[in-house]
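Trainee: Sharing a structure here in structure tokens format.
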């Protein structure tokens, strides 16, 4: 979809919906929203809906970066402690590497 | 329907030959000769197996003049009658032979038992090319390296060379098919061909073309519906052209297969033969495979993992002694190294030194002719976790030379190399590339080894069992298997009485158990087990044979005391077999699982029913004295000792002592269990090679006497010693059961002892195994390592048959019904040889032998508490491959250079693709400016904005891009191993 051809109201609805859907534990949707509407929110000449779009874009960006931090810290903790946690770590793993503790 | 096949012997009718054969085989006891080729003489219908026979017969009986001709054909038509191939090419040496037979011959393949009249082929009503008889004319073609030689046997007999029966050649058929596909009517084709006949001599098969042939061609080339009239497409034009050319050359004349064609053919074949085997892969050129290297498996128990770590590579250092090894550990400049050391240097100190140096990534141990004083890597107190406390003290240990390396977790792989040639190969490579100028080793290519033994399981058994059974695992892998196999047991006389189908269990009997262990282990993949366990096994088997000879069934019934022979498996790994057997016994699952007390099949044997438990331990390393170990002064034991001592002054008793033995399991659970162990050691093993590859025939001084009789075997040999021990034990058991001394003259069978040792130590194709089974085994001793639970060991199967045979009752003539005797839990029926002297005389034997699982109860108790230490928890890791390769590792400068070149070429390829894309894009965009953009080397701004804009403006692109990157990261992590 080319945003350039979409009327402003439609852009707002889109951005709004992407923001809402992100609450269903879908950080990627937020990330996409933030990047996709970045130009609309900050680089286009001002128009009526831009303010709200800006708001959604900022919150999406914050949301996805919180997710990113969470995921990175979890992955690091898990990888560092997998062997130490023993049975618990095995039960929450989908793939257990062979030949390593 | 067709009940027309009759048995030649009893006139019974069968619907088909295979039923008849079954009948003949089972009822008349004759083995049918399967699928015999029958050649039928065209004149008298006599049957022959080979063409040579058939031709001889024709020459002598029917006075047919046969002649053979060696020739090279110019013309396919010259052959007049066509020849067909019925068998594949046969090749030997450098030549390949092809056998063609006359296409009108009928070669019968039939079973011998079908009556002769039925065998002849019936003529078809319309007649067919195949005659019902065999034409003796054949064509044997030899495809040599240089030429084709054909030998033709003449003449044809039994049919005339009528053109009508020859097939159209491929080319002819193709031409006609071309015509048909053009839409030429059948009528026209036939007319055209008839018209082309000019004189009688040029008459060929093609001239006899009829409508049926045309229809066949239409069918074979699937031309129906595809018929198209001339079109000026490629195909159509081609057809017209080819037809025209052919017309010029007298269309439809039989094409000639001339010499040139044949020679091209043979050239092709030669080329193919020559080029065979030249496709060598780069990998194979780089690596030299070292065969026969034996690694070791990682084994785990409830708390530890043992044996070496995964594979690795390292620079070879061939050390002949410790000093040389020290040299490289101090002066090595190109680590990691893989030292190659003689086997005598494998000791705990050396391993420690190697680990501490941090320069070593693997170890290769090779065999040489050094004589060793001791070599044992088990614990000083074997099976420390499952033995009774206080039976192995610090001041007197059973295995004082034990290094416990077998149970150490060594951080690098160790391989053992036996083949001398491979050792030389490694040594030569080392001398040529590595063995000089050590201070600058890293500046030149070095000969290196790659040791591969990647083990899946880690940490301990609970972990690997848990990981193997996690349901949420997306990639289910089995990490480890429990060690285990089967225990073997047999009773001297049946546990039941009564006639064949109405047996009743003999209840309220007591038992004397004679037992031994079945397994050993070693640091590496190979086991021998001369003294432990083979002397024990052989003694047990000889006692079984001896007791079967001297004890009568009535004695057993009178005393209500039977003898049980039990061979425990997996005893090296915390008494797996005995633990399981005792577990089964206590649950009432021995001899058979799931029977209640009042069943009508077998009596249930419990530990209380065992009156005396005699264990035969290692017996081969000390001929002067034998020791009877026991823990408690029970009257049964002391009485038995006095009997043993009566028969031989060499017997000594060792009270309050118990060497590592299956008895530990029983006495740990039931402290007053009446058991004793007979062994050749008093306080520590006389066997200095316990559980190692050197516990071999030389260790116990065994020398095989081929085809020996009693007189041939030396009186002071191991054979006589073991026979004597067996006799003493046998007589003592006899006395315990009957209450009186054995007064007969029978002695233990020393010839059997001789053969049995041979079976385990040299060649499993020994007479005893030949007597009990038909399989042929490789001429290396069968492995006595217990292995994993789901793989049955050869050794166990062979030993079970031997024990069964030695305690069996002869129930009559050997026949096919032997194995079909009514089966119940009490018996098995086998056809086996009468004795080792009469291998060819077989009899039917009723056997009481059976096996029970030797898998630790820890693996069958649900929610077993792994930390309890009650049962053996040994498992063996699964692994992917285990091998060793040698290769030339480039110098570090060379390696860096390779990496640099590689990276550079990647960068260049990126740059190249970038500009190529640029060119492509601008080409698409504005056709005129492509050269300008290419040479200006400045990418147009629009290019970025457009491409990035495209991606940014579409959530689908963006999302899938991110997913792709994450997926790639996950995959690359998981594919590390």
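Trainee: Does residue B:447 qualify as being in the same structural domain as residue B:331 (by TED's automatic domain parsing) and modelled with pLDDT of 90 or more?
Mentor: yes
Trainee: Among (1) modelled with pLDDT under 90; (2) in a helix (DSSP H, G or I); (3) more than 25 Å from residue B:355 (Cα to Cα), which single condition is residue B:406 missing?
Mentor: Among (1) modelled with pLDDT under 90; (2) in a helix (DSSP H, G or I); (3) more than 25 Å from residue B:355 (Cα to Cα), residue B:406 violates only (3).
Trainee: Can you confirm whether residue B:875 is touching a residue at least 40 places away in the same chain (Cβ under 8 Å), touching a helix residue (DSSP H, G or I) at 6+ places or on another chain (Cβ under 6 Å), closer than 30 Å to residue B:290 by Cα and crowded, with 17+ Cβ neighbours inside 10 Å?
Mentor: Answer is yes for this residue.
Yes/no per residue for (1) within 30 Å of the chain's Cα centre (by Cα); (2) surrounded by fewer than 17 Cβ atoms within 10 Å (Cβ to Cβ):
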site	(1), (2)
B:348	no, yes
B:359	no, no
B:362	yes, no
B:370	no, yes
B:424	yes, yes
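Trainee: Follow-up. Hey, residue B:462 hits all of (1) in the same structural domain as residue B:407 (by TED's automatic domain parsing); (2) out of contact with any helix residue (DSSP H, G or I) (no Cβ under 6 Å at 6 or more places or on another chain); (3) surrounded by fewer than 23 Cβ atoms within 10 Å (Cβ to Cβ) but one; which does it fall short on?
Mentor: (2)
Trainee: Can you tell me which of (1) crowded, with 18+ Cβ neighbours inside 10 Å; (2) away from chain A (no Cβ under 14 Å); (3) closer than 28 Å to residue B:791 by Cβ is the one residue B:453 doesn't meet?
Mentor: Unmet for residue B:453, out of (1) crowded, with 18+ Cβ neighbours inside 10 Å; (2) away from chain A (no Cβ under 14 Å); (3) closer than 28 Å to residue B:791 by Cβ: (2).
Trainee: Could you grab me the full set of residues in the stretch B:578-608 that are in contact with a helix residue (DSSP H, G or I) (Cβ under 9 Å, 6 or more places away or on another chain) and either assigned to a helix (DSSP H, G or I) or surrounded by fewer than 17 Cβ atoms within 10 Å (Cβ to Cβ) (or both)?
Mentor: Those that are in contact with a helix residue (DSSP H, G or I) (Cβ under 9 Å, 6 or more places away or on another chain) and either assigned to a helix (DSSP H, G or I) or surrounded by fewer than 17 Cβ atoms within 10 Å (Cβ to Cβ) (or both): B:578, B:579, B:580, B:581, B:582, B:583, B:584, B:585, B:586, B:593, B:606, B:607.
Trainee: Report, by residue number, each residue of the stretch B:555-575 that is closer than 21 Å to residue B:855 by Cβ, out of contact with any helix residue (DSSP H, G or I) (no Cβ under 9 Å at 6 or more places or on another chain) and not in a loop (DSSP other than H, G, I, E, B).
Mentor: Within the stretch B:555-575, just B:564 meets the criteria.
Trainee: Run residue B:388 past the list (1) part of a helix (DSSP H, G or I); (2) within 25 Å of residue B:864 (Cα to Cα) and report the number of the one that doesn't hold.
Mentor: The single condition residue B:388 does not satisfy is (1).
Trainee: Let me ask something else about it. Taking the criterion of being closer than 23 Å to residue B:543 by Cα, without any contact (Cβ under 8 Å) to a residue 40 or more places away in the chain and under 32 Å from the mean Cα position of the chain (by Cα), would at least one residue in the stretch B:684-700 satisfy it?
Mentor: no
Trainee: Additional query: Might you check whether a residue that is within 25 Å of residue B:658 (Cα to Cα) and touching a residue at least 24 places away in the same chain (Cβ under 8 Å) occurs anywhere in the stretch B:406-422?
Mentor: Yes, that holds for at least one residue.
Trainee: Residue B:941: out of contact with any helix residue (DSSP H, G or I) (no Cβ under 7 Å at 6 or more places or on another chain), within 12 Å of chain A (Cβ to nearest Cβ) and at pLDDT below 80, yes or no?
Mentor: no
Trainee: Something else now. Report whether or not residue B:660 is in contact (Cβ under 8 Å) with a residue 12 or more places away in the chain and in contact with a strand residue (DSSP E or B) (Cβ under 6 Å, 6 or more places away or on another chain).
Mentor: Answer is no for this residue.
Trainee: Give the stretch B:162-180 a look and list any residue that's at pLDDT below 75 and buried (at least 17 other Cβ atoms within 10 Å of the Cβ), or say none.
Mentor: B:165, B:166, B:168, B:169
Trainee: Further question: Could you give every pair whose Cβ atoms fall below 7 Å, whose first residue belongs to the stretch B:804-826 and is closer than 12 Å to residue B:842 by Cβ, and whose second residue is in a helix (DSSP H, G or I) and modelled with pLDDT of 85 or more, counting only separations of at least 6 or pairs across chains?
Mentor: Listed pairs, sorted by first residue: B:805/B:771; B:805/B:772.
Trainee: Please give the number of the condition residue A:13 fails out of (1) part of a helix (DSSP H, G or I); (2) more than 12 Å from chain B (Cβ to nearest Cβ); (3) closer than 23 Å to residue A:67 by Cα.
Mentor: The single condition residue A:13 does not satisfy is (3).
The values are calculated or read from the model by the stated rules, or taken from the named source; none is laboratory data. These figures come from a predicted structure and were not determined experimentally. So basically every Cβ, Gly included, is an ideal-geometry build from the backbone, and we count neighbours across all protein chains shown.
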